[in-house]
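The values are calculated or read from the model by the stated rules, or taken from the named source; none is laboratory data. Everything numeric in this text was worked out from a predicted model, so none of it was measured. Every residue, glycine as well, gets a Cβ built from its backbone with ideal geometry; the counts of neighbours run over all protein chains shown.
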Amino acid sequence: MPVVHSFDPPERFVVGTVGEPGARAFFLQARSGPRMVSVACEKQHVAALAERIDELLDEVMRSSTTVVPAVAPWDMDDNDPLEQPIEEEFQVGTLTLSWDPGDERVVIEVLPLTEVTLVDPEESVTGEEIAALAEAEDEPEELVIVRMPPAAARSFVKRARQVIGAGRPDCPFCGRPVDPQGHLCVRANGFKRRDPSGE
């Protein structure tokens, strides 16, 4: 039976970072009263989640009578840093997103990255043992479930995009991140660095 960290709704659910641009660690953090959970994630997780939440809310606006703000309400802006201490529960592996029409909530499930158990082809393994391994891998040890009203979800998206945009700027020519000391741009310089071995 997994440990479920449930926030319905959270007092605060945000994404934030630790470290300098180019070496930032991303975290999702949920809090209700004294209970707080922080999970480590990748920038791509944050970008995909923000995009999907926006798309989901836009679809709900079109297809139901639920009142959904088109943009994040200004009075719900949360620009405060992550709460300390940051104690990582787990590394995000999978994020699922859904809409609960009964409660009119966006539901986010955050599941940990799991290790895949490899079976040695030389080893004799029964069908029941393989099924047991698959079932054990399907059920995570813990997960985070966040249920938010639409306005809070729009605010999460707004902050997520600000956090993503606060990293290194992209080069206008090649699209790669530009470090403070600059970078070698293949398109602007007109040549490509070659391997010293000549390959």
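Results for (1) among the basic types (Lys, Arg); (2) touching a Cys at 6+ places or on another chain (Cβ under 9 Å); (3) surrounded by 11 or more Cβ atoms within 10 Å (Cβ to Cβ); (4) at negative phi, shown as yes or no for each residue.
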{"site": "Arg24", "(1), (2), (3), (4)": "yes, no, yes, yes"}
{"site": "Lys43", "(1), (2), (3), (4)": "yes, no, yes, yes"}
{"site": "Val46", "(1), (2), (3), (4)": "no, no, yes, yes"}
{"site": "Leu49", "(1), (2), (3), (4)": "no, yes, yes, yes"}
{"site": "Leu57", "(1), (2), (3), (4)": "no, no, yes, yes"}
{"site": "Ser64", "(1), (2), (3), (4)": "no, no, yes, yes"}
{"site": "Ala72", "(1), (2), (3), (4)": "no, no, yes, yes"}
{"site": "Asp78", "(1), (2), (3), (4)": "no, no, yes, yes"}
{"site": "Gln84", "(1), (2), (3), (4)": "no, no, no, yes"}
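For a quick check of your reading of the model, give me the residue pairs whose first member lies in the range 34-49 and is farther than 20 Å from Ala153 by Cβ, whose second is at pLDDT 95 or above and among the hydrophobic types (A, V, I, L, M, F, W, C), with beta-carbon atoms closer than 6 Å and at least 6 apart or on different chains.
So the pair list comes out as Ala40/Phe27.
Quick check: is even one residue across the range 154-161 at pLDDT 70 or above and either among the acidic types (Asp, Glu) or surrounded by fewer than 11 Cβ atoms within 10 Å (Cβ to Cβ) (or both)?
Within the range 154-161, not a single residue is at pLDDT 70 or above and either among the acidic types (Asp, Glu) or surrounded by fewer than 11 Cβ atoms within 10 Å (Cβ to Cβ) (or both).
Quickly run through the range 1-25 and pick out the residues that are outside any loop (DSSP other than H, G, I, E, B) and within 19 Å of Thr114 (Cβ to Cβ). Full working, then the answer.
Within the range 1-25, the subset outside any loop (DSSP other than H, G, I, E, B) is 3-7, 12-18, 25.
The answer is Val3, Val4, His5.
Please go through (1) within 25 Å of Val3 (Cα to Cα); (2) of a type in the set (A, V, I, L, M, F, W, C); (3) outside any helix (DSSP H, G or I) for Val68 and return the number of the only condition it doesn't satisfy.
Only one criterion in (1) within 25 Å of Val3 (Cα to Cα); (2) of a type in the set (A, V, I, L, M, F, W, C); (3) outside any helix (DSSP H, G or I) is unmet by Val68, namely (1).
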